[in-house]
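Peer 1: Take this structure, written in structure tokens, and hold onto it; I'll ask about it next.
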Amino acid sequence: MPGKRVWVIGDIHGMFDPLNRLLQRIQLCEMRTGLPPATLVFLGDYIDYGPSSRQVLDALIALRETFPCVFLAGNHEDLMLQFLREDELYRSYGNIWFRGNDGHETVVSLATDPHVLQRATASDAEKTIRPEDVQLSTAQRAFIDGLKYAHTEVFTKGKRTVKIAFCHALLHSGRNTGPTDAGPRTVSVEQQLALETYEQFHQFRRE
């Protein structure tokens, strides 16, 4: 619709200070428009690598009081959920969240128990840290569990309408997923965009 604005923000990866500066700039720009606030679409990967995953999560949770927000899951949040839920990917392949994806940085940032902090910084953290050691607050866990896997926005100007799809990765146009008992299977963009939750995404992956 006329005047509709969307800010799109990619990987934050535990870097609170750059995020804070960016949000301040966005807020300043929005104040100058004199219009209703724009929607902020975040493309996932809020955690890992950087030292401040806890502060990033808390800032994003609070941001919903100021702006309409859409929070999508990135592969790092997906790996965290695989670990927390001990789902079949975790059981089959082990702690990929720690192995090569710096999940231990997030556990350290979240830690309120000194014993967890000590084990999370040890060289064998991949083997010793358990799901119950990830000390997410109730609000943080609800945020992670509630992340969407896809989102769309429609923009209209005059007679022209554009629909834009947002996701972290793996959105393919007419993707052929390979042979099935009934022959090759083609997955439409619309089918992929309908996979909004962790459960929907992984059930589709299993099938």
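The values are calculated or read from the model by the stated rules, or taken from the named source; none is laboratory data. Given the structure is predicted, the values throughout are model-derived calculations rather than measurements. Please note: Cβ atoms are built from the backbone with ideal geometry, for glycine as well, and neighbour counts cover all protein chains shown. The area values use the complete protein model at the heavy-atom level, side chains included, leaving out ligands, DNA and RNA. Shrake-Rupley method; radii C 1.70, N 1.55, O 1.52, S 1.80 Å.
Peer 1: Expressed as a whole percentage, what fraction of the accessible surface of region 28-123 belongs to carbon and sulfur atoms when a 1.4 Å probe is rolled over the protein heavy atoms? Don't jump to the answer; show the numbers that get you there.
Peer 2: On the way: 2320 of 4330 Å².
Carbon and sulfur: 54 percent of the exposed surface of region 28-123.
Peer 1: May I pose another question? For region 57-151, what class follows from the C-alpha gyration tensor (a ≥ b ≥ c being the square roots of its eigenvalues): rounded when a/c is under 1.5, otherwise prolate if a/b is larger than b/c, else oblate? Could the numbers behind the result be given before it?
Peer 2: Values: a/c = 2.43, a/b = 1.44, b/c = 1.69.
Cα axes put region 57-151 in the oblate bin.
Peer 1: Which lysines, if any, have their Cα less than 20 Å from the Cα of Lys148, not counting same-chain residues under 8 positions apart?
Peer 2: Excluding near neighbours in sequence, the set is Lys163.
Peer 1: Determine the order of Tyr46, Tyr93, Tyr149 by accessible area, beginning with the largest, at a probe radius of 1.4 Å. Display every interim value, and only then the final one.
Peer 2: Details: Tyr46 0, Tyr93 140, Tyr149 25 Å².
Ranked from most to least accessible, the order is Tyr93, Tyr149, Tyr46.
Peer 1: Near the amide H of Ile9, under 5 Å away, which other amide H atoms are found, from residues 5 or more places off or on another chain, if H is placed in the peptide plane?
Peer 2: Answer set, sorted by chain and number: Val41, Phe42, Leu43.
Peer 1: Determine the equivalent ellipsoid of region 114-170 by diagonalising the alpha-carbon gyration tensor, then write out the semi-axes as square roots of 5 times the eigenvalues, largest first, rounded to whole Å.
Peer 2: Values: eigenvalues 364, 35, 13 Å².
The answer is 43, 13, 8 Å, longest axis first.
Peer 1: Relative contact order (percent) for region 1-156, with alpha-carbon contacts under 8 angstrom and 6 or more residues of separation? Write down the numbers at each step before the final one.
Peer 2: On the way: 219 pairs, mean separation 39.1, N = 156.
Dividing the mean separation by the residue count of region 1-156 yields 25 percent.
Peer 1: Can you give me the distance in nm between label points at Arg160 and Leu22, each placed 7 Å from the Cα along the Cα-to-Cβ direction?
Peer 2: Going from the Arg160 label point to the Leu22 one covers 2.7 nm.
Peer 1: Next up: Roughly what would the spin-label model give for Thr138 and Ala59, points 7 Å off Cα along C-beta, in nm?
Peer 2: Output for this residue pair reads 2.6 nm.
Peer 1: What is the extension gain from Glu153 to Ser123, computed as 0.36 nm multiplied by their sequence separation minus the C-alpha to C-alpha distance, in nm to one decimal? Numbers along the way, then the final one.
Peer 2: Working: separation 30, 0.36 × 30 = 10.80 nm, distance 4.44 nm.
Fully extending the segment from Glu153 to Ser123 adds 6.4 nm.
Peer 1: So, for the chain, what is the accessible surface per residue at a probe of 1.4 Å, expressed in square angstrom? Walk me through the numbers before you get to the answer.
Peer 2: Numbers: 11530 Å² over 207 residues.
I get 56 Å² per residue for the chain.
Peer 1: On full extension of the chain, what length is gained from Ala169 through Arg85, given 0.36 nm per residue of separation minus the C-alpha to C-alpha distance? Mind dumping the intermediate values first?
Peer 2: Details: separation 84, 0.36 × 84 = 30.24 nm, distance 2.19 nm.
Full-extension gain reported as 28.1 nm.
Peer 1: If I compute Rg/Rh (Cα atoms, Kirkwood Rh) from the structure I just sent, which labelled value in [x] 1.02; [y] 1.10; [z] 1.14 lines up?
Peer 2: Derived directly from the coordinates: [x].
Peer 1: A further question on this structure: Rolling a 1.4 angstrom probe over the protein chains, ignoring ligands and nucleic acids, what is the accessible area of Ile12 in square angstrom, nearest 10?
Peer 2: Roll a 1.4 Å probe over it and Ile12 shows about 20 Å².
Peer 1: Per-residue HN-Hα couplings for region 67-84, Karplus 6.51 cos²θ - 1.76 cosθ + 1.60 at θ = phi - 60°, whole Hz, x for Gly and Pro?
Peer 2: Listing the rounded values in order: 10, x, 10, 10, 10, 9, 7, x, 5, 6, 5, 5, 5, 4, 5, 4, 5, 5 Hz.
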